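The values are calculated or read from the model by the stated rules, or taken from the named source; none is laboratory data. As the structure is a computational prediction, the values presented were derived from the model and not from experiment. Cβ sites come from the backbone with ideal geometry, for glycine too, and all protein chains shown count toward neighbours. What goes into the accessible areas is simple: the full protein's heavy atoms, side chains included, and nothing from ligands, DNA or RNA. Shrake-Rupley method; radii C 1.70, N 1.55, O 1.52, S 1.80 Å.
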Amino acid sequence: MDIVGIVTEYNPLHNGHLYQINEVKKRFPNAVIVVVMSGNFLERGEPAILDKWTRAKEAILSGINLVVELPVAFCVQPADFFAFGALRILKELGVQKLVFGVENADYDFAEMAQLTKRVHGDFSIYNESYAKAYQRAITQKTGVDVSEPNNLLGLAYAKANLKLGSFLELIPIQRKSAEHHDRQLPVASQIASASAIRSAVLTNKELVIDFVPDLTGADLRQSKKLSWVDFWPLLKYQVLTSKIEDLSEIYGITEGLEFRLKDKLERMGPTVTFADWVSEVKSKRFTYTHLTRLATMILLQAKKEEVEQVEQNPYIRILGFDNLGQKHLNMIKKKMTFPVVSRVSQEIAANLLSLDYRAGLVYSQLSGQRQDFGQSPFQR
């Protein structure tokens, strides 16, 4: 039996995701499909529009067999860290193949990973972001433009796989219709980018029922939908009331950026929005995404040692499964070395899951839904 993995956010789960799931089932009809999914805060430093339990339920009802959470210490990270954390979990779960959507499915990502395994961007150029320097270095080495976000993530998966012993067969799938960053819903297609769908939902300008499965549409209508607009008062309070030395201890804050973050907010006044603040702090050195990741870490008060503790001691957090996923989990458990969490006790919340537990508490203040105590994996 094939064990096929997908790394995803499902923010929200839409028709493009259904296309990918159906492609997996078409190519591997007897497969167990294992998803590692970002929780309530995402790779680009954004809160999820719907909470992780809702999105895990949607995934299981859409044909996924097992959904586990990617810890916030891994998911609010640049592509290489994000990919390596996700693939460590998939390896532990016995996954053999990785399916991922890209802009150019004809690229040989495994070969590109070999060529670039020692390539790094030059972060000593102070008028350029590390991301831009890294992409330029990759292009120079391979002759291939990987600036498109899913191509870049595909390369990150390939490099992580190489680092972990090449345990996965890499299966890129060509993305359909929508570009990753498209902000407008298309006219002649039922596949839109997650960015366009979120923008439409959050601004109440569009009904998105043509672009999402029925169960996602129902959840988007019935559940509270969150963005940085909702969390901004909490973050603003954290920045304004924190001492400079406390901000400097937040994971990812370097080069005196704590002074700029705090000074800009104090000078901009009480009516400033989250987007205005990030745009004011942004520079050639620090990208918008880098700053939104830092904003998430400040919101969660994530310290360097906490993130490193998760990196050194990863775990498996079960969010949902069907009968086939449960059978696979029971079969693989004897071989696993990572702790497996299906229900959260006070001891687990205080120790193993302390950062994710805190992320759940913060998210629940705006969603109105508990995220840990009393929550069990969704079962189909």
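Among A105, A137, A113, which is the only one that is open to solvent by less than 10 Å² (accessible area, probe 1.4 Å) and on the phi < 0 side of the Ramachandran plot?
On the way: A105 fails: open to solvent by less than 10 Å² (accessible area, probe 1.4 Å); A137 fails: open to solvent by less than 10 Å² (accessible area, probe 1.4 Å).
One residue alone meets the criteria, A113.
Within the stretch 33-43, does at least one residue satisfy the condition of being touching an Asp or Glu at 6+ places or on another chain (Cβ under 8 Å), over 21 Å from P314 (Cα atoms) and of a type in the set (S, T, N, Q)?
From the stretch 33-43, those touching an Asp or Glu at 6+ places or on another chain (Cβ under 8 Å) are 36-40, 42-43; that's our starting set.
Remaining after also requiring over 21 Å from P314 (Cα atoms): none.
No, that holds for no residue.
Among the numbered criteria (1) open to solvent by 20 Å² or more (accessible area, probe 1.4 Å); (2) farther than 30 Å from I64 by Cα, which single criterion is violated by L291?
Going through (1) open to solvent by 20 Å² or more (accessible area, probe 1.4 Å); (2) farther than 30 Å from I64 by Cα one by one, L291 breaks only (1).
Specify the residue that is surrounded by the most Cβ atoms within 10 Å (Cβ to Cβ); the eligible residues are those in the stretch 315-334 that are within 18 Å of G5 (Cα to Cα) and basic (K, R). Walk me through how you get there before you give the answer.
Start the filter on the stretch 315-334 by keeping residues that are within 18 Å of G5 (Cα to Cα), which leaves 315-333.
From the residues that got through so far, the ones that are basic (K, R) too are 317, 327, 333.
On the way: R317: 26, K327: 15, K333: 11.
Selected residue: R317.
Of (1) hydroxyl-bearing (S, T, Y); (2) exposed (fewer than 13 other Cβ atoms within 10 Å of the Cβ); (3) assigned to a helix (DSSP H, G or I), T216 satisfies all except one. Which?
Tallying (1) hydroxyl-bearing (S, T, Y); (2) exposed (fewer than 13 other Cβ atoms within 10 Å of the Cβ); (3) assigned to a helix (DSSP H, G or I), T216 fails exactly one: (2).
V362 versus (1) more than 24 Å from L93 (Cβ to Cβ); (2) in contact with a helix residue (DSSP H, G or I) (Cβ under 9 Å, 6 or more places away or on another chain); (3) open to solvent by 60 Å² or more (accessible area, probe 1.4 Å): which is the lone unmet condition?
(3)
This table checks each residue for (1) open to solvent by 10 Å² or more (accessible area, probe 1.4 Å); (2) at pLDDT 95 or above.
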{"site": "F41", "(1), (2)": "no, yes"}
{"site": "A48", "(1), (2)": "no, yes"}
{"site": "K52", "(1), (2)": "no, yes"}
{"site": "K57", "(1), (2)": "yes, yes"}
{"site": "P78", "(1), (2)": "yes, no"}
{"site": "G94", "(1), (2)": "yes, yes"}
{"site": "D122", "(1), (2)": "yes, no"}
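Within the bounds of the stretch 245-263, is there any residue that is touching an Asp or Glu at 6+ places or on another chain (Cβ under 7 Å), in a helix (DSSP H, G or I), farther than 24 Å from Y363 by Cα and open to solvent by 30 Å² or more (accessible area, probe 1.4 Å)?
Scanning the stretch 245-263, I find no residue that is touching an Asp or Glu at 6+ places or on another chain (Cβ under 7 Å), in a helix (DSSP H, G or I), farther than 24 Å from Y363 by Cα and open to solvent by 30 Å² or more (accessible area, probe 1.4 Å), so the answer is no.
Can you list the helices (runs of 4 or more DSSP H) found entirely within the stretch 307-370 that contain at least 1 residues being among the small types (G, A, S) and closer than 16 Å to S38 by Cα? If you could, list the steps in order and put the result at the bottom.
Values: elements: 323-332, 346-350, 354-367.
Output list reads 354-367.
Quick one: would you say V32 is in contact with a His (Cβ under 7 Å, 6 or more places away or on another chain), more than 30 Å from R285 (Cα to Cα) and open to solvent by less than 10 Å² (accessible area, probe 1.4 Å)? Can you show your working first?
On the way: in contact with a His (Cβ under 7 Å, 6 or more places away or on another chain): yes; more than 30 Å from R285 (Cα to Cα): yes; open to solvent by less than 10 Å² (accessible area, probe 1.4 Å): yes.
So V32 passes the test.
Mind checking whether some residue in the stretch 191-204 is open to solvent by 20 Å² or more (accessible area, probe 1.4 Å), assigned to a loop (DSSP other than H, G, I, E, B) and touching a residue at least 12 places away in the same chain (Cβ under 8 Å)? Write out each step before concluding.
Initially, the stretch 191-204 is screened for residues open to solvent by 20 Å² or more (accessible area, probe 1.4 Å), giving 191, 194, 198-199, 202-204.
Checking the rest, the ones that are also assigned to a loop (DSSP other than H, G, I, E, B) come to 191, 204.
Still in the list and also touching a residue at least 12 places away in the same chain (Cβ under 8 Å): 191.
Yes, the stretch 191-204 has at least one match.
Run down A275, A302 and say which single residue is closer than 28 Å to L50 by Cα, among the small types (G, A, S), open to solvent by less than 10 Å² (accessible area, probe 1.4 Å) and in contact (Cβ under 8 Å) with a residue 40 or more places away in the chain.
Values: A275 fails: open to solvent by less than 10 Å² (accessible area, probe 1.4 Å).
Unique residue meeting the criteria: A302.
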